[in-house]
Structure formats: structure tokens, C-alpha cells
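We did not get these values from a lab; they are worked out from the coordinates using the rules stated. Here the structure is a predicted model, which means the values were calculated and not measured. When we count neighbours, we look across all protein chains shown, and the Cβ atoms used for this are built from the backbone with ideal geometry, even at glycine.
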Amino acid sequence: MKPLDSELPEKVLSAVRKDLSHAEHLPGEFYSSEAVLDREIERIFRQDWLAIGREEEIAKPGDYMAVDVVGEPIVVTRDEDGGLNAFSNRCRHRGVQVAPNGCGNTRRLTCPYHGWSYDLNGCLVGAPQMDKTEGFDVGDIRLGVLRVGAWHGWVFISLNPEPLPLEEFVAPLEGDVGFLQQGRCRIGATLVSTWDCNWKLVTENLSDPYHFRALHGSSFGPRIPIETYKFELRDRGGISASYDAAPQTPKGDALLGPMPWLSNYPPGLSVFGFMAPNMTVIGRIDEVHVYTVWPEAVDRTRVVLYHLFAEDHFGLPDFKEKSKIHSDYLAGVVDEDVWVAPMLQQAAASKNFKPGRMSWLEEAVHHQMRYNAERTFS
């Protein structure tokens, strides 16, 4: 790990332990220090369950998904029996990736360097020219196994060999947004964006209604009654909110109608759920959009936005046209946030900027800051 400013932990912890009415935003080093990011990756991202994609992306036997998770290449496979497996995407010979990043279908994961190949359960099944190596047994070797599980159609992995049971980890989010039944949804669109700021600035932004009317004044901001916005703060940094708001379309209308299992809910149904460290679920009467947030550098974050619609709606004759209106609108909202992101980061790195006091509307941001600081420094 990079050396940490010895005074920073106490500065940050003393700040976050103030109640909201007396709180200030945190010292910029919390967002600009590479040493802090190293600690967050080790103490948070390498310990928790992380949603890396949807089961529908690896639905058939032989399907695989290969992604980087905080610098670690991992691969998830669907084996011949339909089970999910997760492995370190590094050949057990010299560590080269055995699956290219992205999704595909194969019977074997093969290292492009020396040709070692593995089955869908990660077992070595071929190692050319190793027959003269004394004591070498193909049957003794397997890709590094990782924990894997699924919840409402989401695939989760953990780099921790002994994490909390997944069911326990997701229980607060299940209680808050489980009724959205994301397992009965499919991906309508996926948007990957790069935000030129620290990952915590992204998750805080997604939990911050204070900026809605200013930054998003020309999109959804005027439609959300922020004065009645009420958060429920959960253990382990979780956050929930329910409120009345128009659907996420240019005119605020539900183009596809309600998802069938939500037909008895009011048309303004809106729900928000955050599960630390990096998953935000936002549901409306007619769709669900989910952000996963991935630190790539202290000042660069990859954000994946999944736009989910009821599987029943995919058969509608105008689904493609109407879902695109939804997704294009959300992409415009993301652009508004991406625009301001580097300015937030520049302030965090500035020697002359002193963070200001917090608004009562930043209750969820305050909750996140406290949780992340205590995980990082305590």
C-alpha cells in the first residue's frame, strides 16, 4: 500500500462522526489520495459481494462472462449442469487471462500464451508439452475458485473466501426493492460511462437529491418533490427511499405501461435502494435502472448502467422504439452528471478549497461518507 497521511484518518473520522446538522463535507484527500483508494480496495471491495452482471448474459451452458474487478480479472461460467462458477481469470502457469473480457460461449477456457486449457468448472484438462515434467498431474490443477451467487437475476462474486452469506448480505436491499422482481426483467440497454472523479463521488451523487433541481433542472429534477424525500438508513451503509415521481421519459409518461406485477401500485411509484459498496437500484412503475460503480484510478470511475424492463413487455410491437426513448433519456441524465464529475475531483485535489457545510438533503451522502470512512480507517 502507498503511505497514508498520518493525520488524515482522524480528520476524516472526526468529521463524519458529527451529526448532519453540524457536518461538513470531508477533506479532499479522502477523494484524491491513492493511499486511501488502496485501503478501500483492500478493506471494502475485496471483502464484500459485488454485482458484476446479469444471469441472462450467461444463461446457457458454456456461456461465460469475463470482467476486471478492482484490478483482478475474473471469469464466471455456466457449466454443463447449469451451475454458476467463478474463477480468477489467470492461467495457473504464468497468469495470462484464459478468457477475453466480455461475454461468450465455449467448452474450454484456453490460455493464449502456452495453450493450457480448462473446463467450465475451472479444472485443467490440457497442458501441452508438460509430459516430461516430473510430478506434474493435470488433475491437481484448477483455476483459483471465487465465491459466486445470484439474486433477482444479478450475478454476484466475492474476492473474499469467507464473505457473509449472500442472502444475508442482500437482505436489506431485498426488503427495500425486492418487490420490483428484477428476476422477471431483462436488459433493454446497457450504458458504460467513465466519470473523471473518485468512485465515492459517484455513489454519493446517485444518493443526493440536493443537486436534482440545479444540475438536472432541464431533465427529471423538477418532477421530484425533494421536500418530501425521506431516506431510511440501513446497516452496512445501505440506503432506501420511496417517493412519488414521474416515469423517466422526456414527458414523464409511462410509455410501456406498468410492469405487470406493479399494476396495483400508483403511477408515480418511485423507489431507491443503495447497497454498499457500489450498487444503486432505482425503480419506477414501468422500469428499473441499476448502476454499478467501479474504481479504476483515484480520479477515474467506470459506471455501468443497466436498464431493465419487464420480460413481458419485450413482445410488444413498439417495445424497441419506446424502450429506446427511455434509455436515451437516461443517457442524457448521466451526461449531466458526467459533466460535473471532473469539477468535483478538481476541488478534492485543490490545496485552496475548503469543503462546506452539508444540507439536510444530504442525509444519505452523510451516511455513505461515515460508512466508507469507518470501513477504511477503523
Averaged across orientations, what area in nm² does the convex hull of the alpha carbons in the chain project?
20.7 nm²
List the pairs from 18/354; 230/322; 11/230; 60/320; 251/322; 11/354 whose alpha-carbon separation is above 19 Å, in the order I gave them.
230/322; 11/230; 60/320
For the chain, give me the percentage of DSSP beta bridges that are antiparallel, rounded to the nearest 5 percent.
100 percent
Residue-wise, which Karplus ³J(HN,Hα) couplings in Hz belong to the stretch 35-50, taking 6.51 cos²θ - 1.76 cosθ + 1.60, θ = phi - 60°, and x for glycine or proline?
5, 5, 4, 4, 5, 5, 5, 6, 9, 10, 5, 8, 10, 9, 6, 10
Listed residues 52, 141, 224; largest mean-square fluctuation, Gaussian network over the chain with Cα springs below 10 Å, found at 141
Below 8 Å, C-alpha to C-alpha, sequence gap of six or more: please give me the relative contact order for the chain in percent.
21 percent
Quick one: Karplus J couplings for the stretch 150-157, per residue in order, coefficients 6.51, -1.76, 1.60, θ = phi - 60°, nearest Hz, x for Gly and Pro?
9, 8, 6, x, 8, 9, 10, 10
How high is the relative contact order of the stretch 1-149? Use alpha-carbon pairs under 8 Å, at least six apart in sequence, and give a whole percent.
16 percent
Spin-label pair residue 233/residue 46, simplified geometry with 7 Å Cα→Cβ offset, distance in nm:
3.0 nm
Counting just the Cα atoms, what span does the stretch 1-74 cover along each of its three principal axes? Round to the nearest Å and put the largest first.
54, 32, 17
Which of these, 95, 252, 28, has the largest mean-square fluctuation under a Gaussian network model of the chain (Cα springs below 10 Å)?
95
Would you look at the GNM of the chain, springs on alpha carbons closer than 10 Å, and say which of 312, 131, 79 moves the most?
131
Potential extension, residue 353-residue 339 segment - 0.36 nm per residue separation minus Cα distance
3.1 nm
Looking at the calculated P(r) for the stretch 49-162, what percent of the C-alpha pair distances fall above 23 Å?
25 percent
In vacuo Debye scattering of the stretch 211-324, one point per C-alpha: log10 I(q)/I(0) at q = 0.15, 0.20, 0.22 Å⁻¹?
-0.78, -1.26, -1.38
No partner Cβ under 4.7 angstrom, meaning no disulfide-compatible partner by this rule: which Cys of the chain qualify?
103, 123, 185, 197
Any idea what Rg and Dmax come out to for the stretch 269-362 if you just take the C-alpha atoms, in Å?
17.1, 57
